[in-house]
Amino acid sequence: MILISKSDLRRLLPNASQMLLTDLATRGPGVLGAAGVLDTPERLAHFLAQTSVETGGLARVVESLRYSAKRIVEVFGPGVHSAGIEAAEARKLAGDEYALGERVYGLGNPRKAADLGNTHPGDGFKFRGRGYIQITGRFNYTRFGDIIGAPLEDDPDRASRFGTALEIAAAYWSAREINAACDSQSVERVTRLVNGGRQGLRERQKEFARLAPIIRQINKAAKASRAPVKRPKTAPPQAPAPQA
């Protein structure tokens with residue numbers, strides 16, 4: 001299993017929240033180790049690349065929907081997202097997290113709302129992305145809450161709490177069998193399993209390319225430090241020559 005210290009994580013994710021780094025360094029070996037994420041440097045690189053893009057470099061674990069009009073069109077515009085928000089509407093939604101959540105994930109986007117299980121007014125914002133891997137929608141909150149034994153549908157903010165957020169990420173990783181995609185060395189395949197499409201693919205590819213060689217280097221150095229020291233063999237003591 002790959003062992004990554006907090007100082008290693010700071011090197012890998014320089015913009016990360018101090019509290020999130022502590023959470024990852026403390027709980028990661030148990031939670032991610034059980035999910036097989038720490039079995040190879042490549043799996044860990046994929047996990048950190050995906051979660052880095054999902055969370056702004058591990059700076060936050062709650063999706064911010066306070067976008068500018070330009071950014072709304074880039075992320076949720078025609079041909080990019082099912083919401084298909086055009087510039088005029090984007091200007092009205094800019095800076096309004098609740099309204100944007102409803103328009104993108106809620107009843108303002110019926111097709112997406114049905115996919116996510118968002119059936120009530122307010123569900124789009126209530127069940128916006130949370131966690132290291134930003135689970136979204138009532139269906140996912142219910143499903144992964146059941147898997148980890150937490151009432152996430154009734155208490156969605158719990159998905160952003162330390163410990164719980166990492167457990168959700170590990171459960172999601174396992175349920176979607178993402179390790180197999182990691183082993184195939186396809187960032188695109190991993191991305192599709194994480195967010196259902198190709199959103200942010202270029203950023204995820206860049207992050208993986210940046211992180212993978214550093215993690216390999218850290219792992220190699222750790223193995224070298226744990227290797228037993230080979231002591232030179234010494235000749236057995238010679239018996240004293242008999243006295244004449």
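The values are calculated or read from the model by the stated rules, or taken from the named source; none is laboratory data. None of the values given here were measured: they were computed from a predicted structure. Here the Cβ positions follow ideal geometry from the backbone for every residue, glycine too, while neighbour counts run over all protein chains shown.
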Got a number for residues in the range 103-115 being outside any loop (DSSP other than H, G, I, E, B) and crowded, with 20+ Cβ neighbours inside 10 Å?
4
Tally, over the range 126-167, of residues that are part of a loop (DSSP other than H, G, I, E, B) and either farther than 15 Å from Y105 by Cβ or of a type outside the set (K, R) (or both)
18
For the range 58-79, name all the residues that are touching a helix residue (DSSP H, G or I) at 6+ places or on another chain (Cβ under 7 Å) and farther than 25 Å from L20 by Cβ.
A69, I72, V73, F76
Would you be able to say whether some residue in the range 67-88 is touching a residue at least 40 places away in the same chain (Cβ under 8 Å) and in a helix (DSSP H, G or I)?
yes
Select, from R43, R10, R60, the only residue that is closer than 23 Å to R192 by Cβ and among the charged types (D, E, K, R).
R43
Subset tally (residues that are under 21 Å from A45 (Cα atoms) and surrounded by 19 or more Cβ atoms within 10 Å (Cβ to Cβ)) for the range 132-184:
17
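So, in the range 193-205, how many residues would count as being within 15 Å of the chain's Cα centre (by Cα) and surrounded by fewer than 15 Cβ atoms within 10 Å (Cβ to Cβ)?
Going through the range 193-205 one residue at a time, the tally reaches 2.
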Candidate set: the range 17-49, residues that are part of a loop (DSSP other than H, G, I, E, B) and at pLDDT 95 or above; chosen: the one surrounded by the most Cβ atoms within 10 Å (Cβ to Cβ)
V37
Considering only the range 175-191, how many residues are closer than 29 Å to P78 by Cβ and either assigned to a loop (DSSP other than H, G, I, E, B) or out of contact with any helix residue (DSSP H, G or I) (no Cβ under 8 Å at 6 or more places or on another chain) (or both)?
2
So for the range 80-101 (the condition being outside the structural domain of C182 (by TED's automatic domain parsing), closer than 30 Å to Q185 by Cβ, under 21 Å from the mean Cα position of the chain (by Cα) and of a type in the set (G, A, S)), does at least one residue qualify?
no
Cβ-Cβ distance below 7 Å, separation of 6 or more or different chains: which pairs start in the range 5-32 with a residue that is within 22 Å of S174 (Cβ to Cβ) and end on one that is surrounded by fewer than 19 Cβ atoms within 10 Å (Cβ to Cβ) and among the polar types (S, T, N, Q)?
A25/S5
Can you tell me which residue in the range 88-102 is surrounded by the most Cβ atoms within 10 Å (Cβ to Cβ), limited to those that are small (G, A, S) and modelled with pLDDT of 95 or more?
G101
Condition test on Y172, is it assigned by TED's automatic domain parsing to the domain that holds T40, touching a residue at least 12 places away in the same chain (Cβ under 8 Å), assigned to a helix (DSSP H, G or I) and among the aromatic types (F, W, Y)?
yes
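Of the residues in the range 115-141, how many are among the polar types (S, T, N, Q) and within 22 Å of the chain's Cα centre (by Cα)? Outline the logic, then answer.
First pass over the range 115-141, keeping only residues among the polar types (S, T, N, Q): 118-119, 134, 136, 140.
From what's left, within 22 Å of the chain's Cα centre (by Cα): 134, 136, 140.
Counting residues in the range 115-141 that are among the polar types (S, T, N, Q) and within 22 Å of the chain's Cα centre (by Cα) gives 3.
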Looking only at residues in the range 194-212 that are touching a residue at least 24 places away in the same chain (Cβ under 8 Å) and not in a helix (DSSP H, G or I), which one is nearest to H46 (Cα to Cα)?
G200
Does V190 meet the test of being modelled with pLDDT under 95, under 14 Å from the mean Cα position of the chain (by Cα) and within 22 Å of T40 (Cα to Cα)?
no
Is there any pair linking a residue in the range 104-119 that is farther than 17 Å from E153 by Cβ to one that is among the basic types (K, R) and in a helix (DSSP H, G or I), with Cβ under 9 Å and at least six apart or on different chains, and which?
V104/K112; N109/R103
